[in-house]
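Chemist: Dropping the structure in here first, questions after.
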Amino acid sequence: IPAFSQTPPNPFRVATEATFPPFEFQQGGQLTGFDIDLMRAIGKEADLNIDFRNLPFDGIIPALQARTVEAAISGMTITAERAQAISFSRPYFKAGLAIAVREDNQTIKNFEDLKGKRIAVQIGTTGALEATKIPGATVSQFDSAALALQELINGRVDAVVNDKPVTLYAIKQAGLRGVKVVGELLTEEFYGIALPKNSPYLQLINDALGRVIESGRYDAIFRQWFGE
Ligand code: ARG
């Protein structure tokens, strides 16, 4: 029997790290966000009984490898390095990293200016990876992007390197004060749904994602979270 014909498990466990608004976060004890809505639409399309599991971001790939979850949706960037360990769906969102500094900062304007600076990041992220490449920088790793941004506001670091849509949402929608985004996008990144390597459900997820996109439901979810 070819792998792709396997009946999906019920429930279908999907990992996420729910401190990353507007992609995944908790509101009144309920999981919500763009990724959550998208995954629910995919689950509906593929007839899956989705059961979200909230995990630390750096625990998601190990959980996929241990197959304690069937998939993960967590604003996770498709990278060549990760693709050695796990499989990705087709891309579903274009994002990238941006620098955040305190509003009164006039000296940090781009990536070059981060040399020798104190930078806060979320552990296990592409932002963490990029920050650690900066010569002379001191990188502090936090369990969430929100904690990294708090460190910036408290003056204990000079900058945060984080996914731009998440930092912008914190400033514009969640009312985070005293912080601004500077410079160009540092990277162009694409999010994918992650599955264990050679997962028998990759095709199922890709097909369902394709139908969610083509039917206009993706656009409706996008507009709901990002306007337009
Ligand atoms: N896009 C970045 C990455 O893949 C950050 C993702 C963080 N996601 C989260 N739910 N905390 O590394």
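The values are calculated or read from the model by the stated rules, or taken from the named source; none is laboratory data. What you see is a predicted model, and the numbers here were worked out from it, not measured in a lab. Ideal geometry is used to build each Cβ from the backbone, glycine not excepted, and the neighbour counts take in all protein chains shown. Surface areas here come from the heavy atoms of the whole protein model, side chains and all, with no ligands, DNA or RNA. Shrake-Rupley method; radii C 1.70, N 1.55, O 1.52, S 1.80 Å.
Chemist: Carbon and sulfur atoms: what percent of the 1.4 Å accessible area of the chain do they account for?
Modeler: 50
Chemist: With a point put 7 Å past each Cα toward its Cβ, work out how far S215 is from K44 in nm, to one decimal.
Modeler: 0.7
Chemist: With a 1.4 Å probe and all protein chains kept in place, how do E130, E17 rank by accessible area, largest first? Spell out each step's value before the answer.
Modeler: Values: E130 40, E17 15 Å².
I get E130, E17, largest accessible area first.
Chemist: Could you put F111, F142 in order of accessible surface area, largest first, with the 1.4 Å probe and the full protein assembly present?
Modeler: Working: F111 70, F142 45 Å².
Result of the area sort, largest leading: F111, F142.
Chemist: Oh, and also: Could you state, as a whole-number percent, how many of the C-alpha pairs of the chain are farther apart than 33 Å? Spell out each step's value before the answer.
Modeler: Values: 4664 of 25878 pairs.
Value for the chain: 18 percent of Cα pairs lie more than 33 Å apart.
Chemist: If the reach is capped at under 20 angstrom between alpha carbons, list the aspartates and glutamates near K180, excluding any in the same chain fewer than eight residues apart.
Modeler: Cross-link targets: E103, D104, E112, D113, E130, E151, D158, D163, E188.
Chemist: Output the antiparallel fraction of DSSP beta bridges having both residues in the chain, as a percent to the nearest 5. Each step should come with its number before you reach the end.
Modeler: On the way: 20 of 34 bridges.
Counting only bridges with both partners in the chain, antiparallel ones make up about 60 percent.
Chemist: Under the definition of Cα pairs under 8 Å and six or more residues apart, what whole-number percent is the relative contact order of the range 1-114? Numbers along the way, then the final one.
Modeler: Working: 118 pairs, mean separation 31.1, N = 114.
That works out to 27 percent.
Chemist: In nm, to one decimal, how far is the F226 label point from the K133 one, both placed 7 Å along Cα→Cβ?
Modeler: 2.3
Chemist: Sort out for me the Cα centre separation of the range 176-228 from the range 91-133, rounded to whole Å.
Modeler: 21
Chemist: Here is a further query. Taking only protein heavy atoms and a 1.4 Å probe, what accessible area per residue, in Å², does the range 50-186 have with all protein chains in place? Numbers along the way, then the final one.
Modeler: On the way: 6280 Å² over 137 residues.
Accessible area per residue: 46 Å².
Chemist: Between L185 and Q65, with labels modelled 7 Å along Cα→Cβ, what's the label distance in nm to one decimal, could you check?
Modeler: Rounded to a tenth, the inter-label distance reads 2.9 nm.
Chemist: Do the alpha carbons of any pairs in K94/K197; K44/K164; K117/K197 sit beyond 27 Å of each other, and which pairs? Spell out each step's value before the answer.
Modeler: Numbers: K94/K197 23 Å; K44/K164 29 Å; K117/K197 37 Å.
Flagged as over cut-off: K44/K164; K117/K197.
Chemist: Tell me, what is the percent relative contact order of the range 95-173, built from C-alpha pairs under 8 Å that lie six or more residues apart?
Modeler: Working: 132 pairs, mean separation 32.7, N = 79.
RCO, the range 95-173: 41 percent.
Chemist: Moving on to the next point. At 0.36 nm per residue, and after removing the present C-alpha to C-alpha distance, how many nm does the segment from N198 to Q84 gain when stretched out fully? Write out the running numbers ahead of the final one.
Modeler: Working: separation 114, 0.36 × 114 = 41.04 nm, distance 1.10 nm.
Computed gain between N198 and Q84 is 39.9 nm.
Chemist: What residues qualify as long-range amide H neighbours of D51, i.e. H under 5 Å apart, gap of 5 or more or another chain, H built at 1.01 Å from N?
Modeler: Excluding prolines and chain starts, which carry no amide H, the hits are F12, R13, V14.
Chemist: Normalised by the residues of the chain, what does the relative contact order come to in percent, with Cα pairs under 8 Å and at least six apart?
Modeler: Values: 439 pairs, mean separation 65.9, N = 228.
The normalised contact order for the chain reaches 29 percent.
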